[in-house]
1. Between residues in the stretch 26-44 that are touching a residue at least 40 places away in the same chain (Cβ under 8 Å) and over 13 Å from Asn172 (Cβ atoms) and residues that are buried (at least 23 other Cβ atoms within 10 Å of the Cβ) and of a type in the set (Val, Ile, Thr), which pairs lie under 8 Å by C-beta distance while being six or more apart or on different chains?
2. Run down Leu158, Leu169 and say which single residue is aliphatic (A, V, I, L, M) and out of contact with any Gly (no Cβ under 6 Å at 6 or more places or on another chain).
3. Among the residues of the stretch 100-117, how many are surrounded by fewer than 18 Cβ atoms within 10 Å (Cβ to Cβ) and either modelled with pLDDT under 90 or among the polar types (S, T, N, Q) (or both)?
4. Working only within the stretch 134-154, note down all residues that are among the hydrophobic types (A, V, I, L, M, F, W, C) and either closer than 23 Å to Ile61 by Cβ or touching a residue at least 60 places away in the same chain (Cβ under 8 Å) (or both).
5. For the stretch 96-191, which strands (runs of 3 or more DSSP E) that fit wholly inside it have 1 or more residues that are under 20 Å from Glu202 (Cα atoms) and within 17 Å of the chain's Cα centre (by Cα)?
6. Check off (1) surrounded by 22 or more Cβ atoms within 10 Å (Cβ to Cβ); (2) over 27 Å from Asp11 (Cα atoms); (3) among the aliphatic types (A, V, I, L, M) for Val185 and give me the number that stays unchecked.
7. What tally of residues in the stretch 116-133 results from selecting those that are without any contact (Cβ under 8 Å) to a residue 24 or more places away in the chain and under 15 Å from Gly166 (Cα atoms)?
8. Looking at Glu127, is it surrounded by fewer than 19 Cβ atoms within 10 Å (Cβ to Cβ), at pLDDT below 90 and not small (Gly, Ala, Ser)?
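The values are calculated or read from the model by the stated rules, or taken from the named source; none is laboratory data. Because the structure is a prediction, the values reported are computed rather than measured. Cβ atoms come from the backbone with ideal geometry, glycine included; neighbour counts cover every protein chain shown.
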Amino acid sequence: MKNPTYKFTGDSLTPAIVSFNSKTTPVWMQQRWQDGKYAVYVRQNGCGHTCTAMACNLLGININPHEHIERCVQLWGEPSIAKNGNQQYYFITPCGIVESLRGFGIKAECFGYKNQGVDGAISHILESLSQGKLVIFISSPSKDFKDNPFSKGDHYVLAVGLLESGKILIANSSINGVYDIGEGVQEVDAETVKKSFNPIAEPIKKTWGEIVDLHEGIGYVVIG
């Protein structure tokens, strides 16, 4: 299925609108988020919440990143901030994304790279996108991939679908991404996505409120 589209709005918080299967979502730039009690967490560690909210919108459920954090608090309680002020307690793992989506009645499953390898993972992701599914994956920095266009650190992005060109349409919430066509939207080839994978990773069996080392358990989520 190759029908995702996008348009740019000129708005700094939602510079682009992505459409898929007659549904749309803003592409929120998380570092500019100012509204609500959890605004600082959207800005600092909200990429997973932003991707999950965008996926929900593309599946007909209207929710923004801040509201998604509120939902996680309702599901799992208020995380405690570490004594050193580490705000990663508001990070949501792939398993947490799956549990949240399933709570909306959305089919979702998380996968790792370790057992199937990066070639198997990219084949699975491409097949899923071709079937009209959405994919959330974490781009991980690497000394071997200095041209990583997604962000400067570990970062969730949403793969919306396959374009007619064969490239993958990415909705990216980070102002630190490298954008050739316009902020928030990227068209990348499969090799670029594959290079961002961490081949040792398996999904973390945690949902919410615990510090995690992303390099040891990231994986990806297939939705739909």
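1. Tyr38/Ile69; Tyr41/Ile69
2. On the way: Leu169 fails: out of contact with any Gly (no Cβ under 6 Å at 6 or more places or on another chain).
Unique residue meeting the criteria: Leu158.
3. Keep residues of the stretch 100-117 that are surrounded by fewer than 18 Cβ atoms within 10 Å (Cβ to Cβ), which gives 102-105, 107, 109, 114-117.
Pick out the ones that are also either modelled with pLDDT under 90 or among the polar types (S, T, N, Q) (or both) and you get 114-117.
Total meeting the criteria: 4.
4. Within the stretch 134-154, the subset among the hydrophobic types (A, V, I, L, M, F, W, C) is 134-138, 145, 150.
Correct list: Leu134, Val135, Ile136, Phe137, Ile138.
5. Working: elements: 108-111, 134-139, 155-162, 168-171, 185-188.
Where strands (runs of 3 or more DSSP E) fall fully within the stretch 96-191 and carry at least 1 residues being under 20 Å from Glu202 (Cα atoms) and within 17 Å of the chain's Cα centre (by Cα), they are 108-111, 134-139, 155-162.
6. (2)
7. In the first step, residues of the stretch 116-133 are kept if they are without any contact (Cβ under 8 Å) to a residue 24 or more places away in the chain; the result is 116, 120, 123, 127.
Now restrict to residues that are under 15 Å from Gly166 (Cα atoms): 123, 127.
Here the count works out to 2.
8. Values: surrounded by fewer than 19 Cβ atoms within 10 Å (Cβ to Cβ): yes; at pLDDT below 90: no; not small (Gly, Ala, Ser): yes.
No: the conditions fail for Glu127.
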